[in-house]
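What follows is one structure encoded as structure tokens, with my remarks underneath.
The values are calculated or read from the model by the stated rules, or taken from the named source; none is laboratory data. Every value quoted in this text rests on a predicted model; they were computed, and no experiment measured them. Cβ placement follows ideal geometry from the backbone for every residue including glycine, while neighbour counts extend to all protein chains displayed. Surface areas here come from the heavy atoms of the whole protein model, side chains and all, with no ligands, DNA or RNA. Shrake-Rupley method; radii C 1.70, N 1.55, O 1.52, S 1.80 Å.
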Amino acid sequence: MNMNFDLADLRAFVAVAELNSFRAAADSIHLSQPALSRRIEKLELALGVRLFERTTRSVNLTAVGRDFSHKARSLLDDLENSLLSMQAVAASQLGEVVIACVPSAVYYFLPKVLRHFHEQYPRIRVRIIDDSANAVLESVARGEADFGINFIGTQEPEIAFQVILKEPFVVACHRDHPLASRQQVTWAELAKYDFMTVDKSSGNRLVVDLALANSNVRPSWCFEAKHVSTLLGLVEAGLGVAVVPRLSMPQGEHATLAKVELVEPTVDRNVGLIRRHGRELSPSARKLYDLIETTWPLASGQPE
């Protein structure tokens with residue numbers, strides 16, 4: 001069946017069905033009679049049935065037309081109610097946003113943005129999926145989250161990746177550690193100290209391994225963990241040093257943790273907003289997406 005008709009055709013049909021007159025229906029929807037007749041013919045052709053019995057004096061619905069008129073009215077009523085509901089949501093700023101986010105961004109950046117967002121839109125609820133980089137990517141790809149903050153996804157064809165920050169990795173050490181007073185540390189120098197790292201399932205480990213692929217410096221680790229937050233706990237306990245994204249480090253002075261610039265080679269990761277190609281964000285999600293995009297450098301304490 002050729003279903004080549006549109007809402008305007010349905011409105012024309014309903015108008016004729018309600019008024020039992022092509023002339024009155026044409027006037028009610030501001031169409032000429034020939035244009036109205038063409039719409040009805042188009043609809044009948046698409047459905048493969050006759051909807052009206054027409055004579056020079058009267059217009060009556062066929063049995064099929066009577067049944068279809070109820071369905072068409074219901075369809076148009078549902079559409080109108082949906083549009084009115086959307087307008088009500090927009091007017092009252094109601095809604096819900098689901099954002100997937102890597103833990104470092106959740107802990108050290110997202111709260112400041114969410115505070116500002118909640119002040120502006122107190123009736124929009126935000127649900128956070130805080131998980132690993134791979135899990136965040138999957139949540140967005142599967143449509144479980146409206147969008148995400150991640151550092152992987154640039155190679156995924158179904159994912160749009162909007163870079164908002166290029167972030168270096170730094171050396172994390174205890175404030176009492178010999179490296180804490182240094183301005184820079186090379187990878188070769190890290191080999192002199194107890195070194196800790198995230199395991200190979202971590203997206204951060206992949207970034208580091210790729211950066212060191214053509215280098216002959218690769219410290220041997222003594223402790224391995226799944227999450228960067230665990231590594232920082234081990235660093236605070238004085239068990240060694242670790243290489244972590246700068247965003248995962250506390251801002252400003254910290255009682256026990258210090259960060260040192262890492263060189264030879266430097267390691268960076270691009271942090272960005274990710275969403276599915278071809279999926280339009282809801283009005284509520286778009287508001288939060290735009291706020292993160294515009295305020296990230298300031299809220300994260302990083303230079304633009």
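Miscellaneous remarks
- With respect to the conditions (1) open to solvent by less than 40 Å² (accessible area, probe 1.4 Å); (2) under 19 Å from residue 174 (Cα atoms), residue 227 lacks only one, and its number is (1).
- Some residue of region 72-94 being in a strand (DSSP E or B) and either farther than 30 Å from residue 283 by Cβ or modelled with pLDDT of 85 or more (or both): no
- Selection within region 254-293 - touching a residue at least 24 places away in the same chain (Cβ under 8 Å) and charged (D, E, K, R): 259, 261, 264, 268, 269, 275, 276, 279, 287, 293
- Condition met for residue 279 (crowded, with 18+ Cβ neighbours inside 10 Å and more than 21 Å from residue 179 (Cα to Cα)): no
- With respect to the stated conditions, residue 270 is of a type outside the set (Gly, Ala, Ser), open to solvent by 40 Å² or more (accessible area, probe 1.4 Å) and assigned to a strand (DSSP E or B).
- The listed residue being free of Cβ contacts under 8 Å to residues at least 12 places away in the same chain and either open to solvent by less than 10 Å² (accessible area, probe 1.4 Å) or of a type outside the set (A, V, I, L, M, F, W, C) (or both), out of 157, 111: 111
- When residues of region 128-164 are limited to those that are part of a strand (DSSP E or B) and in contact with a helix residue (DSSP H, G or I) (Cβ under 6 Å, 6 or more places away or on another chain), the one modelled with the lowest pLDDT: 164
- In region 211-238, the residues that are modelled with pLDDT of 90 or more form Cβ pairs under 7 Å with partners that are open to solvent by 60 Å² or more (accessible area, probe 1.4 Å), at six or more places apart or across chains, as follows: 222/194; 223/239; 234/223.
- Residue within region 284-300 that is part of a loop (DSSP other than H, G, I, E, B) and either modelled with pLDDT under 90 or open to solvent by less than 20 Å² (accessible area, probe 1.4 Å) (or both) present: no
- Tally, over region 102-127, of residues that are at pLDDT 85 or above, part of a helix (DSSP H, G or I) and among the β-branched types (Val, Ile, Thr): 1
- Hey, residue 47 within 42 Å of the chain's Cα centre (by Cα), among the hydrophobic types (A, V, I, L, M, F, W, C) and within 12 Å of residue 72 (Cβ to Cβ) or not: yes
- Meets criteria (surrounded by 13 or more Cβ atoms within 10 Å (Cβ to Cβ), in contact (Cβ under 8 Å) with a residue 12 or more places away in the chain and over 19 Å from residue 266 (Cα atoms)) for residue 151: no
- Within region 183-224, tally of residues that are open to solvent by 90 Å² or more (accessible area, probe 1.4 Å) and not acidic (Asp, Glu): 10
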